[in-house]
Structures are given as C-alpha cells and as structure tokens.
Amino acid sequence: MLRSNNSTSPLCSFGSPWPDLNDGLFYNDVVSTSSDSGLTLIHFYSSKYKNSAPLQGWLQRIHNGQITIDGEVVKEPKAILRDGMELVYHRLPWREPDAPYLLQVLYEDDDMIALNKPPGLQVLPGGLFQQRTVLMQLQWRASKGSSSLAIQGSHPVPVHRLGRGTSGILLCAKTKVAKTSLAAYFADGTSLIGDSSNANMEKSKTRKISKVYRALVNGILNQDKIIIKQPIGTMRYPGVAKGLYVASPSGKPALSKVEVLERDSQLNQTLVQVEIESGRPHQIRIHLSFIGHPLLGDPLYDVGGQPRCFDSEHEDESFAEDG
C-alpha cells in the first residue's frame, strides 16, 4: 500500500499556457536487409506509411528536407536505401486544437497526485494532440522543481485514461513504484471480466479501485438498472490507422453497470451512472450506444455501438500540411 506523511492541501491548481506551436515529431526507422534494402526513399515511405500521406504528400515532405538518412538531409526521392541506414522523418511543428491547461489538484503526496481533469484536455499524446496533454503539464511542473513532483526519482505519469471529452478524477503516479502498484489495482477488475467463477465474483467485489461515471444519453431508459456485457474490438475506419473500437462479438470482454439517476421525458434524455469493471477504449460510449442510447452529442457512435456512416466526400486529403 502507498503511504506518505507529506500531502498537500487540496483544491490548488497548476498549469502553463500552451505555446502557439508544438515541437513537431520525429519518426525513426532502420533499413533492414530482408524487406527494405534496395528500395527507393519514396517507395519506402509511400508504401510503408501510406496511411500518413499519399505519394504526393511524401514527395513534398522529401523535397522540404524533412527526411534524413544517417543524419544527412536527403531531397532525392529516388535515393537507394541500404541495409542499416537510419532514417528520420521530421513532422513539422503545428498548432494543436484549443485545449484547457489548468489542472486542479484534489490530493497529492510523495507517491501520487489526484487531478480534476477538465473536458477537452487529452491525457496522453495521440493524433493532433502531441503537446497539449495532461502528461506534458505534469512533466513541465516537475521540471520547474517547485513541487514535490521534483523529488529524486520522480516520473509523473497518468496511470489510467479519461477520454478527451470526459471530466473527472485522474490518478497519476510520481514514482515507478507507485505506477506499478496503481496500474495493478486498475488491472484487477479488467482481468476478471469474462470469468464467472464464484471466487472471481467475490474478488471483484473487493477490488481496490472503482471507476464510476455519469453520462447524459439520448432517449428514455425504461429499466432502472442494466448490466452490459458486450465485447469490444476494432474495425477498419478511415483516418484511424490502428482501427476504431466498436461493439464486436470477437472483441475483448467488457462489462458496464448502468443505473438510471434521472429521466427527462420532455427533452427525451436520461442521466445515468455507469460503473465499469473493465477499461476498454470508449467503453461507455460504445456500450450505451449498443443498447440504443448514445451519449448526447456523440459525433461518432450510433445505435448498436457502431460508427456513423463515413462520408468519403468530406475526407481531408491535405496530408502534406503536417497537421
């Protein structure tokens, strides 16, 4: 168990305003004999990373001097690659979408910090948000040395995720030991999903961390309490390289306990409380839409836990603009 005598008074806030542009990104590759040696530079990137940009996009990036081979800028698309060459693609800095930066501290000691994450702020880097994240604010705060985050061996990092549009308590570890312990607590519930043995049913009741959310959904739920056990997997979806999470019979087990708090017949909305014993990506959005009640204003998931129809006419093809 994590214990500390050095805790701070709650409800203080911290955060630094975001720079106009981030630092860009660097992607590293090493040419291997079996598959890449002998290819041209443009063939390597346009075939291996075709989801990042079409052929014209990669040609523009090469001509812009955004790719180096063994530390040297190369602007010739037909340069031949050899075994062992180190390639680096520099994605140019871009202005990330607006996001809040102030974080309220609910609790803090030498091992962990509990934050009140505002909606609109991403927890970890991903997609267009590489700098405007909770993780970056924690790292900036630690580097300033003005708090207990700056203690020797500190590695401030969130140990679970909240969706960018979700607000709520976010637990962050400040040491490697704390990260390991807290991650194990969160994993306890997920590991038991799908196992209906009496021993594991009892163990699930005594797990150390519970995750409870509130959500406003479309429509009126007739039942006061619902248990959703729909597995969640991935499907191919434009613009999502690793696949989009959806309700899928072949997916991983997931369990959500839904309880109605308030029904508003006039607005055709229901306020619910959801406790999740697993932590699959977008689980609450997927499960509530699966039973026919998507989150109010959800632009992605529709009834059945599937994405809304994708309109190819509105696909953004300006890949070469680097964000």
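The values are calculated or read from the model by the stated rules, or taken from the named source; none is laboratory data. Quick caveat, the model's predicted, so the values are computed rather than measured. Here the Cβ is made from the backbone with ideal geometry for all residues, glycine too, and neighbour counts use every protein chain on show. Ligands, DNA and RNA are excluded from the accessible area calculation, which covers all protein heavy atoms including side chains. Shrake-Rupley method; radii C 1.70, N 1.55, O 1.52, S 1.80 Å.
Kindly indicate whether Glu86 is among the acidic types (Asp, Glu) and open to solvent by 60 Å² or more (accessible area, probe 1.4 Å).
Yes, satisfied.
Return the residues of the range 1-23 that are modelled with pLDDT of 95 or more and at positive phi; say none if nothing qualifies.
Gly15
Can Tyr27 be described as hydroxyl-bearing (Ser, Thr, Tyr), within 28 Å of Tyr237 (Cβ to Cβ) and open to solvent by 90 Å² or more (accessible area, probe 1.4 Å)?
Here the answer is yes, as Tyr27 does meet what is asked.
Sort out which residues of the range 172-192 are modelled with pLDDT of 65 or more, among the aliphatic types (A, V, I, L, M) and open to solvent by less than 30 Å² (accessible area, probe 1.4 Å), and write them in order of number.
Ala173, Ala178, Leu182
Quickly run through the range 276-288 and pick out the residues that are buried (at least 16 other Cβ atoms within 10 Å of the Cβ) and not β-branched (Val, Ile, Thr).
Matches in the range 276-288: Glu277, Ser278, Arg280, His282, Gln283, Arg285, His287, Leu288.
Condition test on Leu135, is it in contact with a strand residue (DSSP E or B) (Cβ under 9 Å, 6 or more places away or on another chain) and more than 29 Å from Val240 (Cα to Cα)?
No; evaluated as a whole, the condition is false for this residue.
Which is modelled with pLDDT under 95, under 30 Å from Gln122 (Cβ atoms) and under 28 Å from the mean Cα position of the chain (by Cα), of Pro54, Pro93?
Residue meeting the stated conditions: Pro54.
Inside the range 196-242, can you point out the residues that are exposed (fewer than 14 other Cβ atoms within 10 Å of the Cβ), over 28 Å from Thr270 (Cα atoms), modelled with pLDDT of 60 or more and not β-branched (Val, Ile, Thr)?
Those that are exposed (fewer than 14 other Cβ atoms within 10 Å of the Cβ), over 28 Å from Thr270 (Cα atoms), modelled with pLDDT of 60 or more and not β-branched (Val, Ile, Thr): Lys208, Arg236, Pro238, Gly239, Ala241, Lys242.
Go through the range 97-115 and give me each residue that's surrounded by fewer than 17 Cβ atoms within 10 Å (Cβ to Cβ) and assigned to a strand (DSSP E or B).
Across the range 97-115, the qualifying residues are Gln104, Leu106, Tyr107, Ala114.
Going by the conditions given, is Arg132 among the charged types (D, E, K, R), in contact with a Gly (Cβ under 9 Å, 6 or more places away or on another chain) and either surrounded by fewer than 20 Cβ atoms within 10 Å (Cβ to Cβ) or modelled with pLDDT of 90 or more (or both)?
no
Within the range 47-81, work out how many residues are in contact (Cβ under 8 Å) with a residue 60 or more places away in the chain, outside any loop (DSSP other than H, G, I, E, B), open to solvent by 30 Å² or more (accessible area, probe 1.4 Å) and within 18 Å of Leu25 (Cβ to Cβ).
1
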